[in-house]
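The values are calculated or read from the model by the stated rules, or taken from the named source; none is laboratory data. Computed from a predicted model, the values in this text were never measured in an experiment. Here the Cβ positions follow ideal geometry from the backbone for every residue, glycine too, while neighbour counts run over all protein chains shown. Heads up: the accessible areas ignore ligands, DNA and RNA and are worked out on the full protein's heavy atoms, side chains in. Shrake-Rupley method; radii C 1.70, N 1.55, O 1.52, S 1.80 Å.
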Amino acid sequence: MNIKGKVYRVGENINTDVIMPGRWCHLTDDAELAEHCMEDLDADFHKKISKGDVIVADDNFGCGSSREVAPLSIKASGIGGIVAKSFARIFYRNAINIGLPIFESPECVEATEAGDELEIDMFGGTIINHTKGREFTFAPFPPFMKTIIEKGGLKGWVLEKLGK
Amino acid sequence: MGYTIAEKILAEHAGTEVTPGQIVNVPVDMAMANELSAALAIKELNKWGIEKLADPEKVCLIPDHFSPAKDINAAGIAKVVHDFARKHNVKWYLEVGRAGIEHAVIPLEGIILPGQIMIGGDSHTCTAGAVNSFSTGVGSTDIAAAWATGEVWLKVPRSARLIYNGKLRPHVYGKDLILHTLKDLGTAGATYMAIEFQGDVFDQLPIWDRFTMANMAIEAGAKTGLFRFDDKTRELVESTPRYLVDQPEYHVAKPDDNAVYALERVYDVSDIEPQVACPFSPDNVRNISEVKDVKIDQAVIGSCTNGWLEDLRRAAEVFRGRKVADNVRVIILPGSQRIARQAFDEGLPQIFIDAGCIFSTSTCGPCIGGHMGVLGENEVCVSTTNRNFAGRMGHLSSEVYLTNPAVAAASAVLGRIGTPDEV
Ligand code: SF4
């Protein structure tokens, strides 16, 4: 499975309050979530993103509150995946659970700028930066996580477990 | 190889040996959510077509973030949760008026017990680690899955051991110890780890300070913050309403002597002065003597971090016979209805009101910038809560300084950040 798009670049410690401010935490509709995604950082975020684009971030992306509306809003805005040096743990599991693929690759982050064209081979473990002509690797997902990702999120696993 | 507290609890639940990094599916003893995370979880369950919960006795729902409902939207969300609780006979649905802020309610009602696993749709679920339970924040999809299957997937975390020894100076409490720790470790210093707090300082402090510290384990990125079980834990756990009624059995998790810790720190607390986390991060911490001339517009004292009875006592001690400075608003947020009731028994609300504070109902409102005390443009707030990210309590330009309750109260009297010695 491949993700292909251009890079939206952010820095370190992007917290979930910034991704989805408390005042919007009552929203549950995808279109509305997309509209407010990242608005305290960049009010035009949702207008700049095309389907499949990739957020590239420094350390500790998604720290702070456990609000699942944060990754949901990112997914709803059309982002295909996130590459970061590291993720905060609740954000990490939320993203996996809702089927928003995320990858840890410090080397890729170091070498990548806004607007670059990225292609991620999810299970092959490689990220190609076409603009820079470079290739990076990331550690493969543990088997259980791979199963969840392949099933498009935790839902598939639950239904299988319940024999539905 | 020996087990840490976290490994012991996970191994017992998984029924196998565990090692850090491994992913295990474990039964959960409680899956908890507030109205916001619950509403999303319920939406998921409906999408999945799940009609039946694995065990309604292991579900806990507490409306607190925008409750009592701040507007029509919030009322709608709370209603979804209420209806769900009724339909499924959820045992631990705690309505406004019988609850408060989730993390202050849960351990005091006995909803979680030592040695158990709780997941909660809120990052500060780690608070209950103070009573020796593996409690960790997750997202709504995890909660939905746990309600449906009774299980959760967890990566066995590496453990960190933080040891606090020495004698505390006056007006220095658990809040200052955890802020001092955040200054040292940073907001990602313990990412994916289970912190174990140890040391002789916890013999000097009441159990409430453990909750404050476990609460902010997440601020260092940790999965949970755990304390050992001792006489203080037993006394608390065995006086909770649930325990008094049911006397449920529980299994204390004691770390092995040869347990392995990925990170270790020993702090000498004797030199620590009250700590202040300055805008805009809980790890931007300074000694209070270095924070000069910060005028404030508002003080918030309470929340799931510092809304425990002892915290209210410490603040009341400062306010007794004094007045809040002109131009300052003070909001007292007891952690729960039970705590508020105890505060009344001790005459604390009267002291707050005489000083010119609001004695609020127990809600998350101001802490999350939701309602009941939202900050306006350029306003400055001293707060005993746990986060001070930009915009956390209101306008993006507003600033929040995190302190302990005695310092927050003194600051309210002074009109600027200062210590109880200065009032
Ligand atoms: S009081 Fe604040 S930190 Fe605690 S649960 Fe409520 S919003 Fe979260």
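Per-residue answers, yes or no, for (1) under 18 Å from B:E44 (Cβ atoms); (2) in contact with a helix residue (DSSP H, G or I) (Cβ under 6 Å, 6 or more places away or on another chain); (3) of a type in the set (D, E):
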{"residue": "A:L33", "(1), (2), (3)": "yes, yes, no"}
{"residue": "A:M38", "(1), (2), (3)": "no, yes, no"}
{"residue": "A:D42", "(1), (2), (3)": "no, no, yes"}
{"residue": "A:K47", "(1), (2), (3)": "no, no, no"}
{"residue": "A:S65", "(1), (2), (3)": "no, yes, no"}
{"residue": "A:I79", "(1), (2), (3)": "no, no, no"}
{"residue": "A:G115", "(1), (2), (3)": "no, no, no"}
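B:N378 is checked against (1) of a type in the set (S, T, N, Q); (2) within 26 Å of A:L27 (Cβ to Cβ); (3) surrounded by fewer than 24 Cβ atoms within 10 Å (Cβ to Cβ) and fails just one. What number does that condition carry?
Unmet for B:N378, out of (1) of a type in the set (S, T, N, Q); (2) within 26 Å of A:L27 (Cβ to Cβ); (3) surrounded by fewer than 24 Cβ atoms within 10 Å (Cβ to Cβ): (2).
What is the residue count in segment A:131-163 for residues that are closer than 18 Å to B:G150 by Cα, in a loop (DSSP other than H, G, I, E, B) and open to solvent by 80 Å² or more (accessible area, probe 1.4 Å)? Working first, answer last.
Here is the first cut: in segment A:131-163, the residues closer than 18 Å to B:G150 by Cα are A:144, A:148, A:153-163.
Next, only the ones that are in a loop (DSSP other than H, G, I, E, B) stay: A:153, A:162-163.
Next, only the ones that are open to solvent by 80 Å² or more (accessible area, probe 1.4 Å) stay: none.
Residues meeting the conditions: 0.
Could you list, ordered by first residue, the pairs with Cβ atoms under 6 Å in which the first is in segment B:360-371 and near the ligand (Cβ under 8 Å from one of its atoms) and the second is among the polar types (S, T, N, Q), at least 6 apart or interchain?
Within 6 Å, the pairs are B:C367/B:S303; B:C367/B:T385.
Listed here are the residues, each with its yes/no results for (1) under 30 Å from B:A75 (Cβ atoms); (2) among the aromatic types (F, W, Y); (3) at the interface with another protein chain (Cβ under 10 Å from one of its Cβ atoms).
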residue	(1), (2), (3)
A:K6	no, no, no
A:N15	yes, no, yes
A:C25	yes, no, yes
A:H36	yes, no, no
A:I74	yes, no, no
A:G78	no, no, no
A:G99	no, no, yes
A:A114	no, no, no
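Could you give every pair whose Cβ atoms fall below 9 Å, whose first residue belongs to segment A:58-70 and is among the basic types (K, R), and whose second residue is at pLDDT below 90 and part of a loop (DSSP other than H, G, I, E, B), counting only separations of at least 6 or pairs across chains?
If the second residue must be at pLDDT below 90 and part of a loop (DSSP other than H, G, I, E, B), the pairs left are A:R67/A:C25.
Could you list, ordered by first residue, the pairs with Cβ atoms under 8 Å in which the first is in segment A:141-164 and under 15 Å from B:L154 (Cβ atoms) and the second is open to solvent by less than 30 Å² (accessible area, probe 1.4 Å) and of a type in the set (D, E, K, R), at least 6 apart or interchain?
Taking only residues 6 or more apart or on different chains, the pairs are A:L154/B:D142.
Just checking, does segment A:42-62 include any residue being part of a strand (DSSP E or B), more than 13 Å from every other protein chain (Cβ to nearest Cβ) and of a type in the set (G, A, S)?
Applying the first criterion (part of a strand (DSSP E or B)) to segment A:42-62 yields A:54-57, A:61.
Then drop every residue that is not more than 13 Å from every other protein chain (Cβ to nearest Cβ), which leaves A:54-56.
With of a type in the set (G, A, S) added as a condition, the list becomes none.
Looking through segment A:42-62, none of the residues is part of a strand (DSSP E or B), more than 13 Å from every other protein chain (Cβ to nearest Cβ) and of a type in the set (G, A, S).
Residue-wise test of (1) part of a helix (DSSP H, G or I); (2) open to solvent by 10 Å² or more (accessible area, probe 1.4 Å).
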position: B:E57; (1), (2): yes, yes
position: B:F66; (1), (2): no, no
position: B:A78; (1), (2): yes, yes
position: B:V81; (1), (2): yes, no
position: B:N89; (1), (2): no, yes
position: B:G97; (1), (2): no, yes
position: B:A130; (1), (2): yes, no
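For segment B:300-325, enumerate the residues that are part of a loop (DSSP other than H, G, I, E, B), within 16 Å of the ligand (Cβ to nearest atom) and over 14 Å from B:L205 (Cβ atoms).
Of all residues in segment B:300-325, those part of a loop (DSSP other than H, G, I, E, B) come to B:307-308, B:320-325.
Subsequent filtering for residues that are within 16 Å of the ligand (Cβ to nearest atom) retains B:307-308.
Residue satisfying the conditions is B:G307 alone.
Being within 15 Å of the chain's Cα centre (by Cα) and either surrounded by fewer than 24 Cβ atoms within 10 Å (Cβ to Cβ) or assigned to a strand (DSSP E or B) (or both) is the filter here; which residues of segment B:353-371 pass it?
None; the set is empty.
Taking the condition of being open to solvent by 10 Å² or more (accessible area, probe 1.4 Å) and at positive phi, how many residues in segment B:132-176 meet it?
Going through segment B:132-176 one residue at a time, the tally reaches 3.
Which pairs do you get when a residue that is over 30 Å from B:A145 (Cα atoms), found in segment A:98-119, comes within reach of a residue that is part of a helix (DSSP H, G or I), reach meaning Cβ atoms under 9 angstrom, with the pair 6+ apart or on two chains?
So the pair list comes out as A:L118/A:C108.
Say we look at segment B:381-402 and pick out the residues that are of a type in the set (D, E, K, R) and open to solvent by less than 20 Å² (accessible area, probe 1.4 Å); which of these is farthest from the ligand (Cβ to nearest atom)? Give the derivation first.
Going through segment B:381-402, the residues of a type in the set (D, E, K, R) turn out to be B:387, B:392, B:399.
With the extra rule that they be open to solvent by less than 20 Å² (accessible area, probe 1.4 Å), the set shrinks to B:387, B:392.
Details: B:R387: 7, B:R392: 9 Å.
Only one residue fits best here, namely B:R392.
Please enumerate the residues belonging to segment B:138-150 that are closer than 15 Å to B:V26 by Cα, at the interface with chain A (Cβ under 8 Å from one of its Cβ atoms) and not aliphatic (A, V, I, L, M).
Of everything in segment B:138-150, those that are closer than 15 Å to B:V26 by Cα, at the interface with chain A (Cβ under 8 Å from one of its Cβ atoms) and not aliphatic (A, V, I, L, M) turn out to be B:D142, B:T149.
Out of the residues in segment B:91-124 meeting the condition of being within 14 Å of chain A (Cβ to nearest Cβ) and over 22 Å from B:S239 (Cβ atoms), tell me which one is farthest from the ligand (Cβ to nearest atom).
This residue is B:I119.
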